[in-house]
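Notes follow once the structure below has been shown.
The values are calculated or read from the model by the stated rules, or taken from the named source; none is laboratory data. The model shown is predicted, which means the values in this text are computed figures rather than measured ones. Positions of Cβ are backbone-derived with ideal geometry, glycine not excepted, and every protein chain shown enters the neighbour counts. Note: areas computed on protein heavy atoms with side chains; ligands, DNA, RNA excluded. Shrake-Rupley method; radii C 1.70, N 1.55, O 1.52, S 1.80 Å.
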Amino acid sequence: FDIRKQVPLKVKYKGEIVGDYLADLVVNDQIILEIKAIRRINPIHETQLVNYLTATRIDLGLLINFGTSVEIRRKYREYSPKIM
C-alpha cells in the first residue's frame with residue numbers, strides 16, 4: 001500500500017484557489033481518510049471530505065470519528081471531467 005499522511009491540497013472554486021488544506025491520509029491515490037476525535041460528526045466535516053474528493057478527483061472517502069463512539073461516514077462521487 002502507498003499511504004501518504006497530511007497530503008497538501010489546493011481547493012478551487014470556479015477556477016480560483018479558495019484554500020490550502022491537508023488530507024489526513026491518502027491510500028493508493030484511491031481513498032481519502034479523514035480522522036476526527038470529536039463528540040459527533042457534523043455536516044461541515046462531511047462537506048470538507050467532499051471538497052477533498054473534488055480537489056483530488058478521488059472518488060472514495062471515509063470520515064472516521066473516534067469521539068464518544070466510533071462513527072464512519074462513506075462518501076463516494078464519480079469524477080466526470082467537463083466536456084468542452
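Things worth noting here:
- Compared with the alpha-carbon gap, the fully stretched path from Lys12 to Ile31 is longer by 4.9 nm at 0.36 nm per residue.
- Per-peptide packing, taken as the mean over residues of other Cβ atoms within 10 Å, places 48-58, 10-20 in the sequence 48-58, 10-20 from highest down.
- Rounded tilt (10° steps) of 43-56 against the dominant C-alpha axis of the chain: 40
- Heavy-atom accessible surface of the chain: percent carbon and sulfur, 1.4 Å: 54
- Antiparallel bridge percentage (DSSP; both residues within the chain; nearest 5): 75
- Normalised by 2.2 N^0.38 Å, where N is the number of residues, the C-alpha radius of gyration of the chain stands at 1.11.
- Average Cα contact separation per residue, the chain, under 8 Å, 6 or more apart, as relative contact order %: 24
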